[in-house]
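Accompanying notes for the structure given below.
The values are calculated or read from the model by the stated rules, or taken from the named source; none is laboratory data. Keep in mind that this is a model prediction, so the values were computed, not measured. Every residue, glycine among them, receives a Cβ derived from its backbone with ideal geometry; neighbour counts consider all protein chains shown.
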Amino acid sequence: MPKKKIMIVDDDKEFLEEFRETLNLSGYDALAFSDGTSALGMVSKVKPDLILLDLKLKDKSGFQIAYELKHLRETAHIPIIAMTGFYIEKEHAELMNLCGIKTHLIKPFSLEDAIAKIEPVLKERGQ
């Protein structure tokens, strides 16, 4: 059975590499992107099963990226889990819903927390 491909987008390069490595060791095929623009440019080629997306990026916000992905036919089906260190229930929940974001992880989070969010989203997608 092929490994599930997860695209991670976060501008914190140290976190990004550690998280990518941890997911790879946990049985996923994780790919890391440190900016939203390059992730957007590669998503159709990479064809991830899931995207873990930081909401606060330097070039574009995670909300903008999620919105763009959800409005392109070839990427609209890819589930997105937001990652953020700053969360305001009312504001963020509304924006995430508009952008098609499935759920979120509050930083800092453990591998167990991440997998607890990733697995149900992959199962829901029929993976």
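Assessment of segment 36-56 against the conditions (without any contact (Cβ under 8 Å) to a residue 12 or more places away in the chain and either in contact with an Asp or Glu (Cβ under 9 Å, 6 or more places away or on another chain) or within 20 Å of Phe15 (Cα to Cα) (or both)) yields at least one matching residue. Can you say whether Ala76 is surrounded by 14 or more Cβ atoms within 10 Å (Cβ to Cβ), in contact with a Leu (Cβ under 9 Å, 6 or more places away or on another chain) and of a type in the set (Gly, Ala, Ser), as far as the supplied structure shows? No; evaluated as a whole, the condition is false for this residue. Screening segment 62-85 for residues that are touching a residue at least 40 places away in the same chain (Cβ under 8 Å) and part of a helix (DSSP H, G or I) and picking the one that is nearest to Pro108 (Cα to Cα) gives Gly62. Just name the residue that is surrounded by the most Cβ atoms within 10 Å (Cβ to Cβ) out of those in segment 86-127 that are of a type in the set (Lys, Arg) and touching a residue at least 24 places away in the same chain (Cβ under 8 Å). Out of the qualifying residues, it is Lys117.
Exactly one residue among Leu53, Leu23, Leu40, Leu57 is assigned to a strand (DSSP E or B) and not basic (Lys, Arg), and that residue is Leu53. Within segment 99-127, the residues that satisfy the criterion of being of a type in the set (D, E, K, R), more than 19 Å from Glu14 (Cβ to Cβ) and either modelled with pLDDT of 95 or more or in a helix (DSSP H, G or I) (or both) are Glu112, Lys117, Glu119, Lys123, Glu124.
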